[in-house]
1. Give the Rg/Rh ratio for the stretch 324-397, taking Rg as the radius of gyration of the Cα atoms and Rh as the Kirkwood radius, to two decimals.
2. Starting from the amide H of residue 168, placed 1.01 Å from N in the peptide plane, find each other amide H under 5 Å away whose residue is 5 or more places distant or on another chain.
3. Using each residue's phi in the stretch 407-416, evaluate 6.51 cos²θ - 1.76 cosθ + 1.60 at θ = phi - 60° and report the 3J(HN,Hα) Karplus result to the nearest Hz, with x for Gly and Pro.
4. Which residues in the stretch 240-284 place their backbone N less than 15 Å from a point set 7 Å from the Cα of residue 115 along the Cα-to-Cβ direction?
5. Report the per residue volume, in Å³, of the convex hull enclosing the C-alpha atoms of the stretch 401-498.
6. Quickly work out the residue 450-to-residue 142 label distance, labels modelled 7 Å from Cα along the C-beta direction, and quote it in nm with one decimal.
7. Would you tell me the accessible area of residue 231, worked out with a 1.4 angstrom probe on the heavy atoms of the protein chains, in Å² to the nearest 10?
8. Please work out the C-alpha center-to-center distance from the stretch 8-24 to the stretch 432-488 and express it in whole Å.
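The values are calculated or read from the model by the stated rules, or taken from the named source; none is laboratory data. For clarity, every value in this text was computed on a predicted model and none was experimentally measured. All Cβ positions, even for glycine, are placed from backbone atoms using ideal geometry, and neighbour counts span all protein chains on display. Just so you know, the surface numbers come from the protein's heavy atoms only, side chains and all, with ligands and any DNA or RNA stripped out. Shrake-Rupley method; radii C 1.70, N 1.55, O 1.52, S 1.80 Å.
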Amino acid sequence: MTTHVIGKPVTRVDGRDKVTGRARYAAEFNQPDQAYAVIVNATVGLGRITAIDHAAVAKMPGVVSVLSHLNAPKLAYRPHKGSIDPKSGERLHVLQDDAVRFRGQPVALVVADTLDNAERAAAALRITYEARRPVIDIADPEARAIVPEISSDRSRGDAETAYANAPVKLTAAYDIARENHNPMEPHATVAAWQGDRLTLWSKSQYVVNEQAEIAAIFGIPVENVQVICPFVGGAFGTSLRTWSHVTLAAMAARVTRRPVKLVLTRRQMFFATGHRPRTLQHVSIGATEDGKLTSLIHDGTGETSRYEQFVEALVNSSSYMISCPNVTTRYRLAPLDTGTPVYMRGPGEASGVFALESALDELSYKLDIDPIELRRRNEPEIDEDENRPFSSRSLLKCYDVGAERFGWSQRTPKPRSMRDGRLLIGIGAASATYPAYQAPSSARVRLLADGSAEVEVAASDMGPGTYTSMTQVAAETLGLPLDKVRFSLGRSDFPPAPSHGGSWTMASVGSAIQAACISVLREAEKRPADERPLEATASTQRDAEIAGRFSMHAFGAVFAEVAIDPDVGTIRVRRALGVYGAGRIVNPLLARSQCTGGMIGGIGMALMERTVLDRRDGRPVNAHMADYLMPVNLDIAEIEVRFVDEVDPHVNPLGVKGLGEIALVGMAPAIANAVFHATGKRIRRLPILLEDMLDA
Ligand code: MOS
């Protein structure tokens, strides 16, 4: 395909709005006579509320309303279509009863004329509880793992017997900490009712879902709710769901008959807006002396809440990453007295691939085979789990390009063999993968008399550059220059889009825009130019026949070099390289930026990020940016991103696979493998801490 804008390093079409402050985020919208709501969070980890002293606080300056289960309206709360989990909406039925299910659960809401007055009154609200000891630790003997309602267990061959008979055996356990998304922009909702119609200016990765959920919760027709979200200041999955604060904002606005603004504090973003679940995993590998896998058993357990099952693809990739005749993967959930987790960038795969890729690296040392060579010897011809070909798979090409670029041949294989002065140097590599999804989407395009075009989709742009890449797709298909296309998103009354997640926005929304543009061009051919404006709407989804024939995934190879100070245990990532085969790259500038961000997330996962819970009551003890550590410039040094040429005619008409998630996958094991190479210490628990290195 010859292109004029697709594949070009176009700078962000919304860049000027963002740097001038013209781009408006949820908390920046204001309505006349707006009141301010502040959530009061439970201070016990489990139990029930025995009393709330509304009266004392209701008299405080500026207070408009105090809401709790004692006086909150009963909400309809019915399951409905359109949630990320179609079996449930938000199952935390907020302010509907006296139960405390987890520490930090919203238990009351104070509405006042100013934020200051609302905060003061919320802090003064006295609540008494009957408390019990919560189970908040997945490793607690009282945390019992269950099979999820929708089981994803897979098996081929006889992995147990093959393991028992394997000439070389390796078995290891992995523990990855709970993480919180911590985007720059806080969750925020401004709610305003006009009669029985509700408008929400709200941070969301999925405006049509927020519309549907809130309509269901308040028992009003879906079309009576309008959700507006033109910009998202980072989200990484935390805004995929419609959490309780949205319900509370709408409830407060209804009760007070005033528009209400509700913005979560940084601390509150650790309570009830999801998190990457802590996971415990176990991998057993059987192999021959020459490094051919004969058995792979991958077990994983993730946290969920007591009131809802959150599942992610923790162990799934082990069934297709590597050639092996006998594979068993099992996934379990441990219900805890905690809020429900949610997808966080690279959900499932980021954690699962850490276990598999750490184990493979460990096996390579055991067999004295180069770690990349070991993967080469076990590269599958087809997806052996689904027994069908990959639509495309460039894993080895990624390793080739990466090894060359990173100077892998200069690496001396023996652990502790590389030094820079006092520093121990290690170089590690790991594979990355993520499914190439495409979800049903629609789009509308209008050709105007002045020769420009308008395109509308109820999509989101949390930062990857969706505004820009979709403008490119439309301009390309219509044969227009970029500045003749105006692309709008973030309104629930636009043609519906899937959630802005799962790395499927480019494939899903892009395909719909392409189809709508083709359709409007056909119309234009039939009609004289002066009859403009012309409009076309298209809905697209993945071709089921093609989807049944191919296994569709993106692949990548990630490299890291660490320098470890053996005296103080500091680990510094000096260089990192990610090489990806992800189909067509619509915009190499944005793609590189997105992958850099994902890789930094992976550095955070490997070395810094963990939400620490107080074991007595489940309180997140580091619920602020000072103690929840994330990589800053000094932590990330030199990051390079490369894309291999990959033409995949099967995934979708655009040939794109998505990049958001895979960019985080693989970084953590590459670093852990580099740490082993530097020190000879295999760390199977993330994040890797200074303490882990002290006797290195
Ligand atoms: Mo991504 S975790 O699907 O927002």
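1. Dividing the radius of gyration by the Kirkwood radius yields 1.04.
2. Placed amide hydrogens put 287 under 5 Å from residue 168.
3. x, 4, 5, 7, 6, 8, x, 5, x, 6
4. Backbone N within reach: 260-269.
5. It is 187 Å³ per residue.
6. Modelled inter-label distance: 6.7 nm.
7. Accessible area, nearest 10 Å²: 20 Å².
8. So the separation of the two Cα centres works out to 15 Å.
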